[in-house]
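Quick notes on the structure that follows.
Values quoted throughout were computed directly from the atomic coordinates according to the rules given, and no laboratory measurement underlies them. Note that the coordinates shown come from a computational prediction; the quantities given were computed from them, not determined experimentally. Cβ placement follows ideal geometry from the backbone for every residue including glycine, while neighbour counts extend to all protein chains displayed.
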Amino acid sequence: MSTLTQRQNQITEIARSEGFVGIEDIAVRLDVTPQTIRRDIKLLCDMGILHRYHGGASLMTNTRNRDHARRREDMAHEKARIGEMVAAHIPDGASLFLNIGTTTEAIAQALLGKKDLHVVTNNINVVTLLSSREDFDITIAGGQVRKRDLAVVGEATIGFINQFKVDFGIIGISGIDEDGTLLDFDYREVQVAQAIIANSRTTFLATDHTKFGRRAMVKLGHLNDLDGLFIDALPAAPYAEMLEASKVSVHVAKP
């Protein structure tokens, strides 16, 4: 990184922590023109640090491999609290989908206290966590393995999910807009989450409060598509008002 300017290092760190940098957003945050940010992103892409998308860029896969481990450590205590709260709403013997993400992995850890669960997942990390329980029936979706976080995604994954109808679908998210729109960075990941919502009798979203206002490109759905939202703390305005006006049941983990 020694060849990068301070601003280019800032862009890279934002991509590392938030998953995606939007040209217009970063231009405002760094108080430069969008043309300057485009030049910076082009250079970072040429160097193999970022991968260009319409409207911005994200870290290259080989850099983001380490990002999953970092995200697992970020807000780890809060995610554990969320996991325990979600697990308390899952009865023994239930069937459920668990999708990808470090929060859903924390939920999987908490589910080890349950009995006779039937779990369908596209998350290899979840399979590893739950495989110690002989009374759990665990089914993993087929598809393409995303190496950076051991997620399984793609058309085959969606087709597999569509063969099931389960009691609970538990998903994570990358961002929640102030109008209640659910956002993520990966179109393939979003398609799998949408299939989970469509094939679950009850859908829970589990996320920490830092996802409110976090920008991402791909629309997954809306808060009103869900039955329950599980968070570690209520967000500040205007998100608190948006939650109050929504139809979703909000559950806040105890400190």
Requested in this report: Sort out which residues of the stretch 3-41 are more than 20 Å from Thr210 (Cβ to Cβ), surrounded by 17 or more Cβ atoms within 10 Å (Cβ to Cβ) and either β-branched (Val, Ile, Thr) or touching a residue at least 40 places away in the same chain (Cβ under 8 Å) (or both), and write them in order of number.
Outcome: Ile23, Ile37, Ile41
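Every residue, every condition in (1) exposed (fewer than 14 other Cβ atoms within 10 Å of the Cβ); (2) in a loop (DSSP other than H, G, I, E, B); (3) at negative phi; (4) among the basic types (Lys, Arg), yes or no:
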position: Asp92; (1), (2), (3), (4): yes, yes, yes, no
position: Leu96; (1), (2), (3), (4): no, no, yes, no
position: Glu105; (1), (2), (3), (4): no, no, yes, no
position: Gln109; (1), (2), (3), (4): no, no, yes, no
position: Lys114; (1), (2), (3), (4): no, yes, yes, yes
position: Val119; (1), (2), (3), (4): no, no, yes, no
position: Val126; (1), (2), (3), (4): no, no, yes, no
position: Leu129; (1), (2), (3), (4): no, no, yes, no
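Residue-wise test of (1) touching a Phe, Trp or Tyr at 6+ places or on another chain (Cβ under 6 Å); (2) part of a strand (DSSP E or B); (3) of a type in the set (S, T, N, Q); (4) surrounded by 17 or more Cβ atoms within 10 Å (Cβ to Cβ).
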| site | (1), (2), (3), (4) |
| --- | --- |
| Glu134 | no, no, no, no |
| Thr139 | no, yes, yes, no |
| Asp149 | no, no, no, yes |
| Val152 | no, yes, no, yes |
| Ala156 | no, no, no, no |
| Gln163 | no, no, yes, no |
| Asp179 | no, no, no, no |
| Leu183 | no, yes, no, yes |
Requested in this report: Go through (1) over 16 Å from Lys254 (Cβ atoms); (2) touching a Phe, Trp or Tyr at 6+ places or on another chain (Cβ under 8 Å) one by one and return the number of the condition Met85 breaks.
Outcome: (1)
Requested in this report: Hand me the list of helices (runs of 4 or more DSSP H) wholly inside the stretch 1-54 holding 1 or more residues that are over 27 Å from the mean Cα position of the chain (by Cα).
Outcome: 6-18, 34-46
